[in-house]
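**Q** Below is a structure I'd like to ask you about.
Every read-out reported here was derived from the displayed coordinates using simple, explicitly stated rules and does not represent laboratory data. Please read all numbers here as calculations on a predicted model, not as lab measurements. Neighbour counts run over all protein chains shown; Cβ positions are idealised from the backbone, glycine included.
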Amino acid sequence: MSRDADVIISGAGPAGTIAAYHLQKSGISTLILEKSAFPRYKVCGAGLTHKILSIIPFDLGPLVHTTIHSFRFSSGFNDVFTRTNKLPLMYCTMREEFDAFLLEQAVNAGAKVLTSEKVTGLSQDDGGVLVKTVKGEYRSSFLIGADGASSRVARSVGLNNDIEWGMAWEAEVRSSPEMLEKYKETVFLDWGTFPGGYAWIFPKKDHFSIGIGGPAHMARRMPGYYEDFINACGIPVVETLSNRSHPLPVRTRKALCHSGRVLVAGDAAGLTDALTGEGIFWAVKSGTIAAEVIKERLEGKISDLAMYTSRINSEIMPEMLEAKNICALFNAMPLRIHHWVRDSERVWMAFGKVLRGERSFNDVPRAFGKWKPLWKPVCALSSVIQKQKEKKYMRNAR
Ligand SMILES: Cc1cc2nc3c(=O)[nH]c(=O)nc-3n(C[C@H](O)[C@H](O)[C@H](O)COP(=O)(O)OP(=O)(O)OC[C@H]3O[C@@H](n4cnc5c(N)ncnc54)[C@H](O)[C@@H]3O)c2cc1C
C-alpha cells in the first residue's frame with residue numbers, strides 16, 4: 001500500500017503538532033490533517049503553568065503576553081486576598097498564536113500540513129490506516145487522533161469511553177489600560193462559589209480572558225455565575241470581544257488509549273485535569289509520548305502500541321485521578337482551603353510548587369503524614385458531598 005506519510009495526525013492543536021515535531025526530528029514522516037484554517041481562535045484561557053517549560057523544546061518567550069507571579073483569591077466573591085511568589089507561576093498566551101507557532105515548528109521540521117481538511121472516518125488493517133476526510137483519503141502506517149474534545153478518531157475506534165464531561169466558558173474582554181497595567185502579573189480566581197468549578201481572569205497584552213468552568217451538567221447555571229463574577233471582580237468591561245463555551249473532557253480511569261494502529265492524545269484522550277481544567281501541558285506530554293512510542297514501534301523495538309496506553313496510565317493518569325480527588329476534597333470544604341492558602345505560607349508555597357512542576361498532585365496525600373491512609377475514604381466522602389452541593393446549587397441558583 002503506498003503511503004502519504006508514516007504517521008497521519010488528525011488535529012493541529014498542541015498534542016498533534018508536538019507529536020509531529022518529535023516524529024519528524026526522528027526521521028519519521030508526518031501528515032497533519034486539520035479541519036480549520038490556521039491561525040484559528042481556540043476557546044481557551046491559554047494559561048501555561050511554569051512546568052510546561054520542562055517538556056516543550058522551544059523558547060516560548062515571544063508568545064508570552066504576561067508572566068504571572070500573583071493570585072487574587074476570592075470565595076463566593078468575598079474574603080479577597082492576594083498572594084505573590086517571586087518566581088513565575090504561569091505564562092498567559094493566546095492560543096491562535098501559540099498553536100500557529102507550534103505548527104510552524106512542526107512544518108520547519110518537515111511535517112506536511114493540510115488545513116480545512118476535516119477527518120470524517122478511518123479504517124485500519126495489518127497494512128496500515130486509511131483516513132477519510134471531507135476532501136479525500138490518505139494512507140499511513142499509524143494514526144494519532146489529536147482532534148480535541150469531540151475527537152472523531154476516538155469515537156471511530158471506541159476510545160471515547162470513561163470520560164466525564166466538564167464545560168467551560170471563555171470571554172475575551174477589553175478593559176481600561178489602567179486595569180491591564182495594574183493586574184498584568186495577577187490571575188483572579190474565585191473558587192468555592194460554583195460547586196465543582198471556578199472562575200478566573202487571565203491578563204493578556206491588550207485585554208483580559210475571563211472564564212468559568214465546571215461540570216457539564218451545570219452548564220445552564222454558568223452564565224449567571226459569570227455575570228455575578230464580572231460584577232464582583234471590579235474590572236470594568238469596555239467591550240466583550242467574544243464569549244464561547246467548549247467541553248472539557250476528563251478521563252476517569254486507566255483505560256485503553258490505543259486501538260490497533262491508532263492512538264489518541266490530549267483532549268481526544270480526555271486528558272484535562274478535573275481540578276484546574278489544565279489541558280495544554282497534558283496535550284504536549286501525551287503528544288510527546290505518542291511520538292516516542294511510534295518511533296520505538298517503527299524501529300521494531302516493540303510489536304504494538306500497547307506501550308502507549310501503559311505509559312499514559314503510569315505517567316499521566318495518576319495525576320488525573322489525584323486531581324479529581326483533590327477537586328472533591330476542595331469542594332467539600334472550600335472555605336477552609338481558601339483560608340489555608342491565605343494563612344499558611346507552606347500551603348501557598350506548595351500551590352506554587354505544583355504550578356512550577358516542583359511538586360505534583362500525587363504529593364498532596366503524602367502531606368497528610370500519618371493520616372494518609374484516610375485520604376481515599378475522605379475523598380470518596382467528599383465526592384458525595386460535592387454531588388449534593390451541585391444538586392443544591394442547581395435548585396437554588398437563579
Ligand atoms: C474555556 C477553556 C479554557 C481553558 N483554559 C486552559 C488554560 O488556561 N490552560 C490549559 O492548559 N488548558 C486550558 N484549557 C484546556 C485546553 O484548551 C485543552 O486541554 C487543549 O487545547 C487540548 O489540546 P489538544 O491538542 O488535545 O486539542 P485542541 O487544542 O482542541 O486541538 C484539536 C485540533 O483538532 C482539530 N480538529 C477537531 N476535529 C477535527 C477533525 N475531525 N479533523 C481534523 N481536525 C480536527 C481542531 O480544529 C483543533 O485544531 C481550557 C479549555 C477551555 C474549554
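**Q** Where a Cα-Cα gap under 18 Å defines reach, which aspartates and glutamates qualify for residue 205, not counting those fewer than 8 residues away within the same chain?
**A** 96, 97, 99, 170, 172, 178, 181, 185, 239
**Q** Reachable aspartates and glutamates from residue 295, Cα under 17 Å, same-chain residues fewer than 8 places away excluded?
**A** 6, 304
**Q** If you don't mind, another one. Just to check, using Stokes-Einstein with a Kirkwood Rh over alpha carbon pairs, what's the diffusion coefficient of segment 1-88 at 37 °C and 0.692 mPa s in µm²/s? Intermediate values should be presented prior to the final figure.
**A** On the way: Rh = 16.6 Å.
Result for D is 197 µm²/s.
**Q** So what's the angle, to the nearest 10 degrees on a 0 to 90 scale, between helix 14-25 and the longest Cα principal axis of the chain?
**A** 40 degrees
**Q** Report D for segment 98-190 in µm² per second (integer): Stokes-Einstein, Kirkwood Rh on Cα pairs, 20 °C, 1.002 mPa s. Show your work: numbers first, answer last.
**A** Details: Rh = 17.4 Å.
Here the translational diffusion coefficient equals 123 µm²/s.
**Q** Follow-up question, since we're still on this one. How many Lys pairs in segment 1-115 lie less than 26 angstrom apart by Cα atoms, where the lysines are 8 or more positions apart or on different chains?
**A** Working: 25/35; 25/51; 25/112; 35/112; 42/51; 42/112; 51/86.
Lysine pairs, 8 or more places apart or on different chains, close enough: 7.
**Q** I need the chymotrypsin sites (Phe, Trp or Tyr not before Pro) found in segment 36-76, filtered to DSSP loop residues with at most 15 other beta carbons within 10 Å of theirs.
**A** Values: sites: 41, 58, 71, 73; in loops: 41, 58.
Passing sites in segment 36-76 are 41, 58.
**Q** Give the relative contact order (percent, whole number) for segment 105-180; include only Cα pairs under 8 Å separated by 6+ residues. Could you put the intermediate results ahead of the total?
**A** On the way: 59 pairs, mean separation 13.6, N = 76.
In percent, rounded to a whole number, it is 18.
**Q** Moving on to the next point. Let me have the relative contact order for segment 238-303, percent, based on Cα pairs under 8 Å that are six or more residues apart.
**A** Relative CO of segment 238-303 lands at 24 percent.
**Q** Follow-up question, since we're still on this one. Sort 250, 237 so the one with the fewest other Cβ atoms within 10 Å of its own Cβ comes first. Display every interim value, and only then the final one.
**A** Details: 250 25, 237 16.
In order of increasing Cβ crowding within 10 Å: 237, 250.
**Q** Sticking with this structure for a sec: Taking only C-alpha pairs under 8 Å that are 6+ residues apart, what is the relative contact order of the chain in percent?
**A** On the way: 827 pairs, mean separation 79.4, N = 398.
Answer for the chain is 20 percent.
**Q** Over all Cα pairs of the chain, how is the pair count split among 10 Å bins, expressed in % and running from 0 up to the last occupied bin?
**A** Reading the bins upward from 0: 5, 23, 32, 25, 13, 3, 0.
**Q** Quantify how much of the Cα-Cα distance distribution of segment 175-233 extends past 15 Å, in percent.
**A** On the way: 839 of 1711 pairs.
For segment 175-233, the share of Cα pairs beyond 15 Å comes to 49 percent.
**Q** Looking at the chain, what % of its DSSP beta bridges pair antiparallel, to the nearest 5? Before the final figure, lay out the partial values.
**A** Values: 54 of 75 bridges.
Expressed as a percentage, antiparallel bridges in the chain total about 70.
**Q** Separate question: Give me the percent of DSSP beta bridges within segment 1-130 that run antiparallel, rounded to the nearest 5. Each step should come with its number before you reach the end.
**A** Values: 14 of 21 bridges.
Expressed as a percentage, antiparallel bridges in segment 1-130 total about 65.
**Q** How do 90, 307 line up, fewest other C-beta atoms within 10 Å first? Mind dumping the intermediate values first?
**A** Values: 90 24, 307 18.
Lowest count first: 307, 90.
**Q** Counting other beta carbons within 10 Å of each Cβ, put 358, 104, 117, 239 in order, fewest first. Could you put the intermediate results ahead of the total?
**A** On the way: 358 14, 104 17, 117 20, 239 9.
Ascending number of Cβ neighbours within 10 Å: 239, 358, 104, 117.
**Q** Per the Debye formula with a single identical scatterer at each Cα and no solvent contribution, what log10 I(q)/I(0) holds for segment 50-134 at q = 0.13, 0.14, 0.22 Å⁻¹?
**A** -0.71, -0.76, -1.13
**Q** Still on this structure: For every helix of n ≥ 4 consecutive DSSP H residues, a contribution of -39,500 (n - 2.57) applies; sum these over the chain, divide by its total residues, and give [θ] at 222 nm rounded to the nearest 500 deg cm²/dmol. Present the calculation step by step, with values, prior to reporting the outcome.
**A** Details: 12 runs with 142 residues, N = 398.
Rounded to the nearest 500, the figure is -11000 deg cm²/dmol.
**Q** Output needed for segment 255-398: three equivalent-ellipsoid semi-axes, defined as square roots of 5 times the C-alpha gyration tensor eigenvalues, in descending order, whole Å. It would help to have the intermediate numbers written out before the result.
**A** Values: eigenvalues 229, 68, 39 Å².
In descending order the semi-axes read 34, 18, 14 Å.
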